[in-house]
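To keep things clear, I will list the structure first and then write my remarks on it.
The values are calculated or read from the model by the stated rules, or taken from the named source; none is laboratory data. Treat the numbers as computed from the prediction; the structure is a model and nothing was measured. So basically every Cβ, Gly included, is an ideal-geometry build from the backbone, and we count neighbours across all protein chains shown.
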Amino acid sequence: MNKARSIRPDLQLIADLVAPGTRVLDIGCADGELLDHLVHEKGINGRGIEISQDGVNRCVARGLSVIQGDADNDLAEYPDQSFDTVILSRTLQAVRQPRTVLLELLRIGKRAIVTIPNFGQWHVRMSLLTRGRMPVTKALHRTWYNTENIHFCTILDLHDLIEAEDINLLEFVPHQKDGRRLKMGLKRANLFADQALYLLEK
Amino acid sequence: MTNEDINSIRLFQEDPLTLDGGETLSPVDVAFETYGDLAPDGDNAILICHALTGDQYVASPHPGTGKPGWWARLVGPGKLIDTEKYFVICSNVLGSCMGTTGPAATDPNTKEPWGTRFPVITIRDMVRVQAALMDALNVRKLLMVIGGSMGGMQVLEWLATYPERLHSACVIASAARHTAQNIAFHEVGRQAVMADPNWNQGRYYGSDASPAKGLAVARMTAHITYLSEDALTHKFGRNLQEREAVTFGFDADFQVESYLRHQGSTFVDRFDANSYLYITRAMDYLDIPGRFDGRLADAFIGARDVRCCVISFTSDWLYPTLENKRIVHALNAAGVPVSFAEIDAAFGHDSFLLDVPEMDEMLAGFLSTATQSYQPPEAQNE
C-alpha cells in the first residue's frame, strides 16, 4: 500500500483491520477522512452516517455516499448483515442507547470495530478525585452540561457489556491518542490507555 | 404566444405510448429546451425534471410571462449546473400545457381538444415520454437526472424504470408516494376547478369563458402548502394591505390575502385548468412502494450502480423529511450508493427553488464527483 494518504493515527489502527474490497459502514464519519482513505487505498464499498450538515457536505464533495443521521435512529432500516464491517469510532459514549446500538452494529455488520475514549484512564480518575468535579481533559474537553458524551464508560465497563451480550472479542487494542499501542493487561490498560479499539463479532 | 415559439418534437408516431392506465397515445408532442452542447462521447447530459406547474424554461425566460427561468439561479453559463460544460435538457411533462401533449391538445381522432377525454396519466408515463425524448436526442445515458417536488418523483421513476440509463440521480423535497394529506389538498384544488361553472366538464376550449376563478382558488390553496407558517408570518404577519384599519368587509384587508389573490390570478394566465386536474391526479396515483408490496427498496434493485443524492428541508411539511428519508432508507436497503441531508431552511417546500447555500454546496459536491466518476458506455467498451 502506498503512503500517499496518511490519516490520523487512531484512524489508521481501524483502517488496518478492514479487508480490501469489502462493504463498510462508518457511523459518525465526520468529514469522511477514514472512509475516503478506505475507498481509495483499499477499494472498499463504503457508506457513512454523519449527524452534521457540514460533515455530510464535506463527504459528498469527496464523492462519498453519506446520509445525515445518527446511530440511535438510522440503523434499524439496514438489512441484517448488509456490511462486512461497521465502524463506530469514538461515538458509543454519545448515543442514547449504547447497548442497543452495539447489538445493531453486529446485526447489520458481520463484524464491528468500536473505539471508545477511556473514562477509566488515570488522568480522568485523578481529576475527579482531586477536583471533585466531572473531569474536563484534552480528550473530554467539554463540561458536563454541554458535552455530547452522555454515556461514558471505561475499558472494563465495555468488556463487561461485551461479555454479558455474548459478543466475541476478536481484537482489543488499547492505545494512546497518537495511535501508539499499549502492550499491557486489561487492568493496566484501563488505567493508562487514552482510548481502546475493539474488533467484535456476534 | 404561438406554437411556433415552442421547440417541440413529435414522438410515438408509429409505436404508440402505452400508458399505465391501459390506454395508448399516438402521437405525443414533447416541448423541450436544451442548453449547452452534447459532448461527442455523450457523457455530459443532465435531465432536469420540473414540478407540478413548472415548465421546460428552466434557464431561459418564459415566453408567456417573460419571467426568468424557474431555476436560472442554478442553471446557466458558469452557474452550478454550468451549461458551458453540461448539456442540459428540460422537457414539459406529459399532460401539461406548455407544448407537450395534454388535455388542451387536439385529439387526432375527433380533431377536437381532448378535454376530459384525455387519458389519465401517471408520473411513470411522464418518464416514459422523457426516455423517448432522450432517444431522439441521442442521449443513451444521463450523467444526472435531477428534480424537486414532482420533479423528484420523476427522478424516482427513472431510478425504478430506467436505472441502466443513469449515472447519478438527485431527488429534492419529494416523496415516493402521495399521502392522504397530499391527496386531500389536491382534491380541494380539483373540486375548486370543477365547481367553476365555466369548467363545463372540461369543455371550455375555444370559448371566452374559462374556469379561471376555480383554478385561481386551487392555486391559492396549493401555494399555502408550498410555504411554511414561519415564512408566511415573517413575510406578512397580520400586516394590512394599503390601509390603516380593517374594513369590516371582504376585500383583501390583509397582505397575505392580496398576495394569494395575486398568485391565483397570475397563475391562470399561464396554466390550463384541465392540465392541473390531470397532473395532480398523476401525483396522487404515485405509490412506488405499492407496486412492490410495500417494499420501496425492491423498486431500486436495478439502481445499484447509480449514485444518488436526496435532500429535504426542515420547514417542508408538504414532502417532509420523513418521506424523503423513506426514499433514502429504501435506496440504502437496495444497496444503492446514496447521500442525504436535511437542510435547515425556513421557506417551506419552496426552499428548493430559493437561495439556500447549504443545498447549493451539497449539489455542487455531488455533481462534481458524479462528473469525475462517470465513464460513458462507449469509453467502458474500449
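Assorted remarks:
- When segment B:333-343 is filtered for residues that are at the interface with another protein chain (Cβ under 8 Å from one of its Cβ atoms) and either farther than 18 Å from B:M362 by Cβ or outside any loop (DSSP other than H, G, I, E, B) (or both), the ones remaining, listed by number, are B:A333, B:G335, B:V338, B:S339, B:F340, B:A341, B:E342, B:I343.
- Among residues of segment B:310-327, those that are closer than 22 Å to B:D298 by Cβ and in a strand (DSSP E or B), counted: 1
- For B:V268, the criteria (1) buried (at least 19 other Cβ atoms within 10 Å of the Cβ); (2) touching a Gly at 6+ places or on another chain (Cβ under 8 Å); (3) of a type in the set (V, I, T) hold in every case but one, which is (2).
- Residue among B:F313, B:F347 that alone is away from chain A (no Cβ under 11 Å), more than 25 Å from B:M126 (Cβ to Cβ) and under 20 Å from the mean Cα position of the chain (by Cα): B:F347
- Contact map, segment B:197-220: residues that are among the charged types (D, E, K, R) paired with residues that are assigned to a loop (DSSP other than H, G, I, E, B) and modelled with pLDDT of 95 or more, Cβ distance under 9 Å, separation 6+ or inter-chain. Pairs shown: B:K213/B:D196; B:R219/B:T53; B:R219/B:F271.
- In the set B:V129, B:V145, only one residue is part of a helix (DSSP H, G or I), buried (at least 21 other Cβ atoms within 10 Å of the Cβ) and at pLDDT 95 or above; that residue is B:V129.
- Filter pass, B:D298 being assigned by TED's automatic domain parsing to the domain that holds B:A104, under 22 Å from A:R62 (Cβ atoms) and either part of a helix (DSSP H, G or I) or not polar (S, T, N, Q) (or both): no
- Residue within segment B:155-176 that is at pLDDT below 95 and either in contact with a Gly (Cβ under 6 Å, 6 or more places away or on another chain) or of a type in the set (A, V, I, L, M) (or both) present: no
- Cβ-Cβ under 8 Å pairs, at least 6 apart or on other chains, segment A:85-97 side free of Cβ contacts under 8 Å to residues at least 40 places away in the same chain, far side assigned to a loop (DSSP other than H, G, I, E, B): A:Q97/A:D72
This table checks each residue for (1) part of a loop (DSSP other than H, G, I, E, B); (2) touching a Phe, Trp or Tyr at 6+ places or on another chain (Cβ under 9 Å); (3) among the aromatic types (F, W, Y).
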{"residue": "B:E164", "(1), (2), (3)": "no, no, no"}
{"residue": "B:A169", "(1), (2), (3)": "no, yes, no"}
{"residue": "B:A175", "(1), (2), (3)": "yes, yes, no"}
{"residue": "B:A184", "(1), (2), (3)": "no, no, no"}
{"residue": "B:E187", "(1), (2), (3)": "no, no, no"}
{"residue": "B:Q191", "(1), (2), (3)": "no, no, no"}
{"residue": "B:N198", "(1), (2), (3)": "no, yes, no"}
{"residue": "B:Y204", "(1), (2), (3)": "yes, no, yes"}
{"residue": "B:S207", "(1), (2), (3)": "yes, no, no"}
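- The strands (runs of 3 or more DSSP E) found wholly in segment A:43-137 and carrying at least 1 residues that are away from chain B (no Cβ under 14 Å) and under 28 Å from B:C308 (Cβ atoms) occupy A:83-89, A:109-117.
- Filter result for B:F250 (under 28 Å from B:V171 (Cα atoms) and not assigned by TED's automatic domain parsing to the domain that holds B:L367): no
- Residue in segment A:31-45 that is closer than 26 Å to A:I162 by Cα, in contact with a strand residue (DSSP E or B) (Cβ under 7 Å, 6 or more places away or on another chain) and at pLDDT 95 or above present: yes
- Filtered by the rule that a residue be surrounded by fewer than 22 Cβ atoms within 10 Å (Cβ to Cβ), aliphatic (A, V, I, L, M) and without any contact (Cβ under 8 Å) to a residue 24 or more places away in the chain, segment B:322-348 gives a lone residue, B:L322.
- Qualifying residues in segment B:350-382 (those that are among the aromatic types (F, W, Y) and surrounded by 23 or more Cβ atoms within 10 Å (Cβ to Cβ)) - the one nearest to the other protein chains (Cβ to nearest Cβ): B:F366
- The listed residue being aliphatic (A, V, I, L, M) and in a helix (DSSP H, G or I), out of B:A252, B:A330, B:A346: B:A330
Conditions tested, residue by residue: (1) part of a loop (DSSP other than H, G, I, E, B); (2) modelled with pLDDT under 95.
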site	(1), (2)
B:F32	no, no
B:G42	yes, yes
B:L47	no, no
B:V58	yes, no
B:P63	yes, yes
B:G69	yes, no
B:S96	yes, no
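- B:L74 satisfies every condition listed in (1) touching a strand residue (DSSP E or B) at 6+ places or on another chain (Cβ under 6 Å); (2) more than 29 Å from B:N182 (Cα to Cα) except (2).
- Residue in segment B:193-215 that is over 25 Å from B:A105 (Cα atoms) and outside the structural domain of B:R117 (by TED's automatic domain parsing) present: no
- All positions within segment B:265-295 that are in contact with a strand residue (DSSP E or B) (Cβ under 8 Å, 6 or more places away or on another chain) and assigned to a helix (DSSP H, G or I): B:P289, B:G290
- Test: residue in segment B:72-86 that is surrounded by fewer than 22 Cβ atoms within 10 Å (Cβ to Cβ) and of a type in the set (S, T, Y): yes
- B:N138 of a type in the set (S, T, N, Q) and either within 27 Å of B:D305 (Cβ to Cβ) or outside any loop (DSSP other than H, G, I, E, B) (or both): yes
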